[in-house]
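S.K.: Before anything else, here's the structure in question.
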Amino acid sequence: MLDSTYDMPPPMLTPDEVEAAALGAQWVAERGAPVLAGAARDPIAKISAAVPERLRALVLEASVGAPPLRDVATDRLDLARTRLWIRHSRKIRISYRDEDARQSERTIWSILIGYAERVRLLAAWCELRGGFWHFRTDRIVAAGFLDDPHGCRANDLRARWRRHMEVERGIRLP
């Protein structure tokens, strides 16, 4: 345990790491849900203040960038609350409308929120289907955040989903 008076030195980042962090934060600031988008702006200011002067321009005037998007699908799901429910391994009851406008009610165990270019996907265990499923957040018509725990630690459920994606779908995830 470090003494509370200990002052950590600034992070030693390479120019590529500084630009990667700036690009990632810019991407989330443009495409993330409101809470994450706002939070993405803070680390850049902190990195800018912490890096040596010679690297500061890489943050403030980066040579990489994420262009703004115009046609990003609007979420109907409270993503900040969903992230909290994921961390606490709680169930969510959703009304979901598929691409053919068929609506269904499902109870899910949320695993993670994936950010694609124009939509967000909620990976979850679906009790109705008895398997892993992916739901576009703009197609979730309503959600009830249940107090019921689903009984699986978030990291364990995520590991099972990753194995499923690799074995069943042939998709290797980072």
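Just so you know, all these numbers are worked out from the coordinates, no wet-lab data involved. Remember, predicted model here, so these are calculated numbers, not experimental data. As a convention, Cβ positions derive from the backbone with ideal geometry for all residues, glycine included, and neighbour counts pool all protein chains shown.
S.K.: Work through the residues other than residue 127 whose Cβ is under 9 Å from its Cβ and net out their charges, Lys, Arg +1 and Asp, Glu -1.
M.R.: Charge balance in the 9 Å sphere: +3.
S.K.: Report ³J(HN,Hα) in whole Hz for each residue of the stretch 118-124, in order, from the Karplus equation J = 6.51 cos²θ - 1.76 cosθ + 1.60 where θ = phi - 60°; Gly and Pro get x.
M.R.: 10, 9, 10, 10, 9, 7, 7
S.K.: Rank the residues 89, 110 as a footprinting-exposure proxy: fewest other Cβ atoms within 10 Å of their Cβ go first.
M.R.: The order, fewest Cβ neighbours first, is 89, 110.
S.K.: Could you compute the net charge surrounding residue 60? Neighbours are other residues with a C-beta less than 14 Å from the C-beta of residue 60; K and R count +1, D and E count -1.
M.R.: Residues close to residue 60 contribute a combined charge of +1.
S.K.: Filter the GluC sites (Glu not before Pro) in the stretch 56-146 to those in DSSP coil with at most 15 other Cβ atoms within 10 Å of their Cβ, and list the result.
M.R.: Within the stretch 56-146, the qualifying GluC sites (Glu not before Pro) (loop, at most 15 other Cβ atoms within 10 Å) are 61, 99, 117, 127.
S.K.: Hey, another quick one. Would you be so kind as to identify which of 36, 131, 24 lies farthest towards the positive end of the dipole of the chain, taking Lys and Arg as +1 and Asp and Glu as -1 on Cβ and the Cα centre as origin?
M.R.: Towards the positive end, the residue furthest out is 131.
S.K.: So for the stretch 1-148, averaging the separation of alpha carbon pairs under 8 Å that are six or more residues apart and normalising by length, what relative contact order in percent results?
M.R.: 20 percent.
S.K.: Continuing with this model, one more query. Based on Cβ point charges of +1 for Lys and Arg and -1 for Asp and Glu, what charge dipole magnitude is obtained for the chain about its Cα centre, in debye rounded to the nearest 20?
M.R.: In debye, rounded to 20, the chain gives about 680.
S.K.: Which label belongs to the value computed from this structure, given these candidates for P(r) over Cα pairs in 5 Å bins from 0, in percent: (1) 1, 8, 17, 20, 20, 16, 10, 5, 2, 0; (2) 1, 7, 14, 15, 14, 15, 12, 9, 7, 4, 1, 0; (3) 1, 6, 8, 7, 7, 7, 8, 9, 10, 10, 8, 6, 5, 4, 3, 1, 0?
M.R.: Evaluating P(r) over Cα pairs in 5 Å bins from 0, in percent on these atoms matches (2).
S.K.: Can you figure out the FRET efficiency of residue 117 with residue 156, using R₀ = 41 Å and their beta-carbon distance, to the nearest 0.05?
M.R.: My answer for the efficiency is 0.85.
S.K.: Using the Kyte-Doolittle scale, which helices in the chain average at least -0.5 and also have C-alpha atoms spread 27 Å or more along the helix axis, with helices defined as whole DSSP H runs?
M.R.: none
S.K.: So, one more: Provide the net charge surrounding residue 173, with neighbours chosen by a C-beta distance below 11 Å and charges set as Lys +1, Arg +1, Asp -1, Glu -1.
M.R.: On the way: positive: 158, 162, 163, 169, 172; negative: 166.
Value of the local net charge: +4.
S.K.: Next question. If I model a spin label as a point 7 Å beyond the Cα along the Cα-Cβ vector, how far apart are those points for residue 100 and residue 35 in nm?
M.R.: Calculated label separation equals 3.5 nm.
S.K.: Using the beta-carbon distance between residue 166 and residue 56 and R0 = 30 Å, what value does 1/(1 + (r/R0)^6) give for FRET efficiency, to the nearest 0.05?
M.R.: E between residue 166 and residue 56, to the nearest 0.05, is 0.15.
S.K.: Here's a follow-up. Using helices alone, what [θ] at 222 nm do you get for the chain, with -39,500 (n - 2.57) per DSSP H run of 4 or more residues, divided over all residues and rounded to the nearest 500? Walk me through the intermediate numbers first.
M.R.: Values: 5 runs with 65 residues, N = 174.
The helix-only estimate for the chain comes to -12000 deg cm²/dmol at 222 nm.
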